[in-house]
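**Student:** Here it is, the structure, as structure tokens.
The values are calculated or read from the model by the stated rules, or taken from the named source; none is laboratory data. Note that the coordinates shown come from a computational prediction; the quantities given were computed from them, not determined experimentally. Counting neighbours? That spans all protein chains shown, and the Cβs are built from the backbone with ideal geometry, glycine included. For the accessible areas, the whole protein counts, side chains as well, though only heavy atoms, and no ligand, DNA or RNA atoms are used. Shrake-Rupley method; radii C 1.70, N 1.55, O 1.52, S 1.80 Å.
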Amino acid sequence: MKVAIVDYNAGNIYSVVHALKRLGIDPVLTNSAEELSKADRVIFPGQGHARTTMTSLKEHRLDEIIKGLKQPVLGICVGQQLMCRHSEEGDVDCVGIFDVDVKRFCPTRHDEKVPCMGWNDIRNTKTALFCGFDKPEFVYFVHSYYVPTCQWTIAESDYIQPYSAALHKDNFYATQFHPEKSGSVGERILKNFLNNNDIEKGL
Amino acid sequence: MLAKRIIPCLDIKNGETVKGTNFVNLRSAGDPVELGRAYSEQGADELVYLDITASHEGRKTFTDLVQRVAANINIPFTVGGGINELCDVDRMLNAGADKISINSAAIRRPELIDEIANSFGSQVCVVAIDAKLTENGWKCYLNGGRLETERGLFEWAKEACDRGAGEILFTSMNHDGVKAGFADEALAQLSDELSIPVIASGGAGKKEHFRDTFINGKSDAALAASVFHFGEISIPELKQYLHSEGINVRI
């Protein structure tokens with residue numbers, strides 16, 4: 001299987017590379033439209049500021065390229081946020097696959113710290129990405145901005161309020177959390193994305 | 001709700017895990033990658049790898065080890081020791097570290113925190129503080145506890161937070177290695193004063209100490225070394241215990 005990772009100015013892409021290698025996959029890191037279109041799976045990672053990362057994407061027309069991909073795509077963290085319509089972080093228009101806006105967490109109590117950093121449970125999981133999930137599971141999050149629950153939500157988490165821990169539309173999947181850092185639970189999610197036949201069908 | 005985190009800390013010297021009492025008398029405690037993987041499989045929530053001699057000897061940190069850790073371990077890990085400038089941070093993150101911790105370098109040049117936060121985001125920037133309760137209150141120390149400074153714990157932690165630190169890792173030198181519990185009073189004050197997570201470090205001896213620091217110390221995470229390395233507390237048992245005490249932990 002050929003897995004391509006979108007290579008742009010985003011932090012910590014290597015943790016995704018390592019996670020895939022542990023699953024026996026040697027991914028290619030690329031910003032070429034041709035390479036991306038040839039891959040069986042595309043992973044769109046992200047860590048960093050929405051406006052800065054969006055600017056980097058646009059420099060290589062990656063915003064349009066990602067939107068046009070036909071194979072299963074998995075956005076991670078800021079990758080997920082950039083797949084939405086707009087982000088409050090830097091007030092920037094994003095790729096627009098998911099017609100929903102990214103908001104900043106507004107704490108209501110002192111102990112609700114931002115960034116939201118650590119292990120939180122996800123529930124109400126749907127689609128083949130979470131095949132085999134029958135109870136809430138802990139995954140690792142690091143973020144200050146979130147996607148509200150919406151019609152594309154396929155996993156929910158709760159921090160200050162309920163929000164989208166994962167999204168899905170057609171061939172596009174995205175997680176706010178880091179499956180590559182979420183221990184054995186994260187590995188199950190990555191394996192589902194790579195190997196589950198229903199992912200091919202966008203289910 | 002976010003789970004309270006249990007973080008084994010691996011102090012590294014010459015590629016080996018060591019742990020001392022009150023920062024001296026080091027004893028060997030095994031291969032860092034194997035130990036890290038074992039902790040991860042047992043349910044540790046994060047790992048910290050500290051090159052404890054780096055700052056003292058002016059040595060650069062341990063990129064090869066970080067790469068091996070990143071390749072083998074599937075939970076987040078922080079690296080510290082000898083990180084003095086932005087290029088050190090870049091090298092560590094490129095080697096696969098999720099976060100870096102800075103200690104002496106941040107006290108010497110606080111702008112480093114702003115630079116890291118602006119370049120890589122607050123979430124990668126852990127500011128570690130070694131402090132000791134003296135006659136003049138809590139004072140910060142440099143170089144692994146070898147050099148006292150004029151900076152007070154609370155004002156420095158606040159400044160670090162304002163400059164963009166993502167977390168504060170507070171080690172009480174009075175408590176470290178003594179195994180009589182964490183510095184919960186100071187931790188609770190830090191937690192009340194700061195808008196970022198606080199990691200308790202120094203003093204873990206038994207399971208109850210973790211419960212106490214999560215409840216009385218208001219800590220978001222608790223870090224320990226020797227009690228884990230020498231098998232005095234097992235992480236699965238610790239987490240079951242905390243769960244039974246009503247604390248939200250990842251099991």
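**Student:** Just to check your reading of the model, which residue among A:F177, A:F138 is part of a strand (DSSP E or B) and touching a residue at least 12 places away in the same chain (Cβ under 8 Å)?
**Tutor:** Of the residues listed, the single one that is part of a strand (DSSP E or B) and touching a residue at least 12 places away in the same chain (Cβ under 8 Å) is A:F138.
**Student:** Criterion first (modelled with pLDDT of 90 or more, more than 17 Å from the chain's Cα centre (by Cα), of a type in the set (V, I, T) and within 26 Å of B:A225 (Cα to Cα)) does B:T171 satisfy it?
**Tutor:** The answer is no for B:T171.
**Student:** Name every residue in the range A:84-123 that is in a loop (DSSP other than H, G, I, E, B) and among the aliphatic types (A, V, I, L, M), in order of residue number.
**Tutor:** A:V95, A:I97, A:V114
**Student:** Now a separate question. Taking only the range A:101-113 into account, find how many residues are closer than 24 Å to A:W152 by Cα and within 14 Å of chain B (Cβ to nearest Cβ).
**Tutor:** 3
**Student:** Could you list, in sequence order, all residues of the range B:78-103 that are basic (K, R) and either within 11 Å of chain A (Cβ to nearest Cβ) or farther than 26 Å from A:C77 by Cα (or both)?
**Tutor:** Within the range B:78-103, just B:K99 meets the criteria.
**Student:** Search the range A:114-139 for residues being open to solvent by 10 Å² or more (accessible area, probe 1.4 Å) and within 14 Å of chain B (Cβ to nearest Cβ), and hand back the single one that is farthest from A:A50 (Cα to Cα).
**Tutor:** In this case the residue turns out to be A:K135.
**Student:** For residues that are within 13 Å of chain A (Cβ to nearest Cβ) and out of contact with any Asp or Glu (no Cβ under 8 Å at 6 or more places or on another chain), scanning just the range B:221-241, find the one that is surrounded by the fewest Cβ atoms within 10 Å (Cβ to Cβ). Give the derivation first.
**Tutor:** Of all residues in the range B:221-241, those within 13 Å of chain A (Cβ to nearest Cβ) come to B:221-222, B:235, B:239.
Okay, now just the ones that are also out of contact with any Asp or Glu (no Cβ under 8 Å at 6 or more places or on another chain), so B:222, B:235, B:239.
On the way: B:A222: 26, B:I235: 20, B:K239: 23.
The extreme case among them is B:I235.
**Student:** Within the range A:141-151, work out how many residues are in a strand (DSSP E or B) and either within 14 Å of chain B (Cβ to nearest Cβ) or open to solvent by 10 Å² or more (accessible area, probe 1.4 Å) (or both).
**Tutor:** Selection size over the range A:141-151: 5.
**Student:** Select from the range B:211-220 the residues that are open to solvent by less than 50 Å² (accessible area, probe 1.4 Å) and in contact with a Phe, Trp or Tyr (Cβ under 8 Å, 6 or more places away or on another chain) and list them in ascending order.
**Tutor:** Answer for the range B:211-220, where residues must be open to solvent by less than 50 Å² (accessible area, probe 1.4 Å) and in contact with a Phe, Trp or Tyr (Cβ under 8 Å, 6 or more places away or on another chain): B:D212, B:T213, B:G217, B:S219.
**Student:** Can you confirm whether A:D63 is assigned to a helix (DSSP H, G or I), of a type outside the set (S, T, N, Q) and away from chain B (no Cβ under 14 Å)? So that I can check it myself, show each step before the final result.
**Tutor:** On the way: assigned to a helix (DSSP H, G or I): yes; of a type outside the set (S, T, N, Q): yes; away from chain B (no Cβ under 14 Å): yes.
Taking the combined requirement at face value, the residue satisfies it.
**Student:** For the range A:50-76, give me the residue count where each residue is under 23 Å from A:S182 (Cβ atoms) and at pLDDT below 95.
**Tutor:** 2
**Student:** May I pose another question? Test each condition in (1) surrounded by fewer than 22 Cβ atoms within 10 Å (Cβ to Cβ); (2) within 14 Å of the chain's Cα centre (by Cα); (3) assigned to a helix (DSSP H, G or I) for A:I189 and report the one that comes out false.
**Tutor:** (1)
**Student:** Residue by residue through the range B:104-129, note down the ones that are of a type in the set (G, A, S), in a helix (DSSP H, G or I) and within 11 Å of another protein chain (Cβ to nearest Cβ).
**Tutor:** If the condition is that a residue be of a type in the set (G, A, S), in a helix (DSSP H, G or I) and within 11 Å of another protein chain (Cβ to nearest Cβ), then B:A117, B:S119, B:S122 are the ones that fit.
**Student:** Scan the range B:128-142 for residues that are open to solvent by 30 Å² or more (accessible area, probe 1.4 Å) and either more than 19 Å from the chain's Cα centre (by Cα) or modelled with pLDDT under 95 (or both) and jot them down.
**Tutor:** Within the range B:128-142, B:T134, B:E135, B:N136 meet the criteria.
**Student:** Also, quick follow-up: Determine which member of the set A:G96, A:G68 is open to solvent by 10 Å² or more (accessible area, probe 1.4 Å), on the phi > 0 side of the Ramachandran plot and not aliphatic (A, V, I, L, M). Step through it out loud before you land on a result.
**Tutor:** Working: A:G68 fails: on the phi > 0 side of the Ramachandran plot.
The unique qualifying residue is A:G96.
**Student:** Need pairs with beta-carbon distance below 7 Å; first residue among the basic types (K, R) and within the range A:68-93, second buried (at least 19 other Cβ atoms within 10 Å of the Cβ) and assigned to a loop (DSSP other than H, G, I, E, B); sequence gap 6+ or separate chains.
**Tutor:** Cβ pairs passing all conditions: A:R85/A:C94.
**Student:** Here's something else I'd like to know. Mind checking which residues of the range B:1-19 are within 14 Å of another protein chain (Cβ to nearest Cβ), over 16 Å from B:R37 (Cα atoms) and part of a strand (DSSP E or B)?
**Tutor:** Within the range B:1-19, B:R5 is the sole residue that qualifies.
**Student:** Being assigned to a helix (DSSP H, G or I) and touching a strand residue (DSSP E or B) at 6+ places or on another chain (Cβ under 9 Å) is the filter; apply it to the range A:192-203 and report the residue that is farthest from the other protein chains (Cβ to nearest Cβ).
**Tutor:** Here is the first cut: in the range A:192-203, the ones assigned to a helix (DSSP H, G or I) are A:192-195, A:197-200.
Remaining after also requiring touching a strand residue (DSSP E or B) at 6+ places or on another chain (Cβ under 9 Å): A:193-194, A:199.
Values: A:F193: 15, A:L194: 15, A:I199: 21 Å.
Among them, the one singled out is A:I199.
**Student:** Right, another one. Pick from B:S119, B:S104: which is among the small types (G, A, S) and crowded, with 18+ Cβ neighbours inside 10 Å?
**Tutor:** Details: B:S119 fails: crowded, with 18+ Cβ neighbours inside 10 Å.
Selected residue: B:S104, the only one of B:S119, B:S104 that is among the small types (G, A, S) and crowded, with 18+ Cβ neighbours inside 10 Å.
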